[in-house]
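These notes concern the structure reproduced below.
The values are calculated or read from the model by the stated rules, or taken from the named source; none is laboratory data. Because the structure is a prediction, the values reported are computed rather than measured. Here the Cβ is made from the backbone with ideal geometry for all residues, glycine too, and neighbour counts use every protein chain on show. Remember, those area values only see protein heavy atoms, side chains included, never the ligands or the DNA or RNA. Shrake-Rupley method; radii C 1.70, N 1.55, O 1.52, S 1.80 Å.
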Amino acid sequence: MSWDARQRAMLAEMGFRLPAAAPVAVEAVELAQTEPEPERIAVAVAAPPPAIVRVAAPAAAAGFSGLDLPALREAVSGCRACGLCEQRRNAVFGQGALEQVQWLVVTDPPDEADDAGGEAMGGNPLSDSGRLLDRMLLAAGQPRTGDAASAFVTPIVKCRPPRGRAPLPPELDACEAALAAQVELLRPRLVLALGLQAARRLTGLAEPLGRLRGRVHRWRDLPVVVSFHPAYLLRSPADKAGAWDDLCLARRTMQAS
Ligand code: SF4
């Protein structure tokens, strides 16, 4: 199977129905589905400032500054900087490319499977949402595994909140230090925020996810694009087409930067 055929198969699985006539270049399909692009980005740059207050935690706040990646991973696994450490089974540092990282994919907090396995979405065979995420990233040309890996996936807080509740502001503040340290080491070009909690934290806006999508935000001098969490897409497959629009916006944004 050629690369184009594989990519077309992945897009179809995500909810797209590409024209039956072969060979339609995927890039052309993307552009046709997402025009007009320049106006959308221009509006996003002019978006109003954040509407909610957040504490920008430096990496040094929790002793994460100055560490290399293995040491940072170890520090996160033993971190007790907020109350979420009390009931976690494993802190979830994240998985993906460690060099030449293009996309940092920041998801909502770990789910039960992530907490059990200590890996971010897809590190265990129970995670359908992780498999969908991997297909989405591969289709977007930013895989998190393999020789060409260019994405790193990590949750907005590294420890699962009890009973899956939303993380509290002090917990988000504390764990931003770990995320900041990951950014310093991985040096991604763009952040893709998947899910409402990750999106609100990184945009600083207490708005519905639908209003955060389709525009480019900024966090720590990085462009941020918002999309659906893969677990939501499994429940609402009609929104997969919208998720693909978001991935195309992320691609165009990174290419323009
Ligand atoms: S959620 Fe983050 S800050 Fe809180 S204990 Fe876990 S790693 Fe540390």
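A few remarks follow.
- Within the range 71-83, the set of residues being over 21 Å from the mean Cα position of the chain (by Cα) and over 13 Å from Glu176 (Cα atoms) comprises Ala71, Glu74, Ala75, Gly78, Arg80, Gly83.
- If you go through the range 149-164 and keep only what is within 13 Å of the ligand (Cβ to nearest atom) and either open to solvent by 20 Å² or more (accessible area, probe 1.4 Å) or under 17 Å from the mean Cα position of the chain (by Cα) (or both), you end up with Thr154, Pro155, Ile156, Val157, Lys158, Cys159, Arg160, Pro162.
- Against the conditions (1) farther than 23 Å from Ser129 by Cα; (2) open to solvent by less than 60 Å² (accessible area, probe 1.4 Å); (3) out of contact with any helix residue (DSSP H, G or I) (no Cβ under 6 Å at 6 or more places or on another chain); (4) more than 13 Å from the ligand (Cβ to nearest atom), Pro223 satisfies every one except (3).
- Any hit, the range 180-193, residues being more than 20 Å from Phe228 (Cα to Cα), in contact with a Pro (Cβ under 8 Å, 6 or more places away or on another chain), within 13 Å of the ligand (Cβ to nearest atom) and open to solvent by less than 10 Å² (accessible area, probe 1.4 Å): yes
Listed here are the residues, each with its yes/no results for (1) in contact (Cβ under 8 Å) with a residue 24 or more places away in the chain; (2) in contact with an Asp or Glu (Cβ under 8 Å, 6 or more places away or on another chain); (3) on the phi < 0 side of the Ramachandran plot.
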| site | (1), (2), (3) |
| --- | --- |
| Glu184 | yes, no, yes |
| Leu209 | no, no, yes |
| Tyr232 | yes, yes, yes |
| Cys248 | yes, yes, yes |
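- Residue check for Leu205: surrounded by 22 or more Cβ atoms within 10 Å (Cβ to Cβ), of a type outside the set (Phe, Trp, Tyr), touching a residue at least 60 places away in the same chain (Cβ under 8 Å) and not in a helix (DSSP H, G or I): no
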